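Heads up: the structure comes next, in structure tokens.
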Amino acid sequence: MIEQEQLSSFLCLALLAGQAVCQQPNIVFLLADDLGYNDIGYHNPAIITPNIDLMASQGVILEQSYVQPVCSPTRSALLTGTYPFRIGRQNGPIEDNTPTGLTLDKTLLPEYLQNMGYATHMIGKWHLGFCKPEYLPTNRGFDSHYGYWGGGEDYYTKMAGPPSNPGYDFYDGEEVDLSADGVYSTDLYTARANTIIQNHAGESAEKPLFLYMAYQATHTPLAAPQRFQDMYPDIADSDRMMFSAAASAL
């Protein structure tokens, strides 16, 4: 109860200027994967990220934040509000086919928000375990999930795992979605986000919205459409060029 009251107090801080009463704000949380301090336009003019730069210029930039350096610990901390070492998630990413996941003993952020009347949706990378249905995002507080369960995959084919034994990893809810094959993931996720927001505004505007967008970019294996690669003709290192292109695609 105390934790939920604290969360409610936090949400009240997001009031629009001039509002006299506390209302529940819509929340869209964008998470980039493996994007470094110097991989963003407002820190490094060599990287072309105008949309992110615009959000930063109109918001608040936190320059003294400390986060986990890899996938599963980052997501564990974000969704539980707990240091990963307290819940056994400090040792790095959860590997494919590992019989574990984010502890079921913790109530997650989307579950709290659901209890407060929010519609909750997730897009993108889960990477918190899928060995049992109980660990899946749609059983951890999200009304819907569109994306993949593991830690890394091809941006286009959605194939994951070792080259000798790859598997397709892309789901709409808990159903395999083969229609995603061949479409660049960043474009897929952005299109689905637009659909969720538009549908929510048209059908459920009376409810607050929480949309957690865990983009694949800029995680390996790196890829980006040619139009973004063409933005970096002077970068000789092919990996750095493709990383920069994937950051621009965000």
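The values are calculated or read from the model by the stated rules, or taken from the named source; none is laboratory data. Note that the structure is a prediction, hence the values are computed from the model and not measured. A quick note on method: Cβ atoms are made from the backbone with ideal geometry, for glycine too, and the neighbour counts reach across all protein chains shown. Heads up: the accessible areas ignore ligands, DNA and RNA and are worked out on the full protein's heavy atoms, side chains in. Shrake-Rupley method; radii C 1.70, N 1.55, O 1.52, S 1.80 Å.
Residue-level check: of (1) in contact (Cβ under 8 Å) with a residue 12 or more places away in the chain; (2) open to solvent by less than 60 Å² (accessible area, probe 1.4 Å); (3) farther than 25 Å from residue 141 by Cα; (4) out of contact with any Phe, Trp or Tyr (no Cβ under 8 Å at 6 or more places or on another chain), residue 44 misses just (1). Residues in the range 142-200 that are open to solvent by 20 Å² or more (accessible area, probe 1.4 Å), polar (S, T, N, Q) and either within 24 Å of residue 226 (Cβ to Cβ) or touching a Lys or Arg at 6+ places or on another chain (Cβ under 6 Å) (or both): 157, 179, 190, 194.
Taking the conditions (1) in contact with a Pro (Cβ under 7 Å, 6 or more places away or on another chain); (2) farther than 24 Å from residue 95 by Cα in turn, residue 122 satisfies each one other than (2).
Restricting attention to the range 88-102, the residues that are open to solvent by 10 Å² or more (accessible area, probe 1.4 Å) and of a type in the set (A, V, I, L, M) total 1.
Okay, residues lined up against (1) closer than 30 Å to residue 116 by Cβ; (2) touching a residue at least 12 places away in the same chain (Cβ under 8 Å); (3) not in a loop (DSSP other than H, G, I, E, B):
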residue: 142; (1), (2), (3): yes, yes, no
residue: 147; (1), (2), (3): yes, yes, yes
residue: 153; (1), (2), (3): no, yes, no
residue: 156; (1), (2), (3): no, yes, no
residue: 163; (1), (2), (3): no, no, no
residue: 182; (1), (2), (3): no, yes, no
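If you check residue 105 against the conditions, is it free of Cβ contacts under 8 Å to residues at least 24 places away in the same chain, closer than 30 Å to residue 25 by Cβ, of a type in the set (D, E, K, R) and open to solvent by 70 Å² or more (accessible area, probe 1.4 Å)?
Yes, satisfied.
Can you name the residue in the range 225-250 that is part of a helix (DSSP H, G or I) and aromatic (Phe, Trp, Tyr) and, of all such residues, is surrounded by the fewest Cβ atoms within 10 Å (Cβ to Cβ)?
To start, the set of residues in the range 225-250 that are part of a helix (DSSP H, G or I) comprises 226-229, 238-249.
Pick out the ones that are also aromatic (Phe, Trp, Tyr) and you get 228, 243.
Details: 228: 21, 243: 24.
Among those that are part of a helix (DSSP H, G or I) and aromatic (Phe, Trp, Tyr), it is 228.
Filter the range 117-140 down to the residues that are assigned to a loop (DSSP other than H, G, I, E, B) and closer than 26 Å to residue 207 by Cβ and list them by number. Passing the criteria: 117, 118, 126, 128, 136, 140.
Out of the range 204-217, which residues are modelled with pLDDT of 95 or more and either under 24 Å from residue 36 (Cα atoms) or loosely packed, with under 12 Cβ neighbours inside 10 Å (or both)? The answer is 211, 212, 213, 214, 215, 216, 217. The residue pairs whose first member lies in the range 57-85 and is on the phi > 0 side of the Ramachandran plot, whose second member is at pLDDT 95 or above, and whose beta carbons are closer than 8 Å, counting only pairs six or more residues apart or on different chains, are 81/109.
Restricting the range 114-141 to residues that are farther than 17 Å from residue 29 by Cα and among the hydroxyl-bearing types (Ser, Thr, Tyr), which is surrounded by the most Cβ atoms within 10 Å (Cβ to Cβ)? Result: 135.
Take residue 102 and decide whether it is in contact with a helix residue (DSSP H, G or I) (Cβ under 9 Å, 6 or more places away or on another chain) and either at pLDDT 95 or above or under 30 Å from residue 234 (Cα atoms) (or both).
yes
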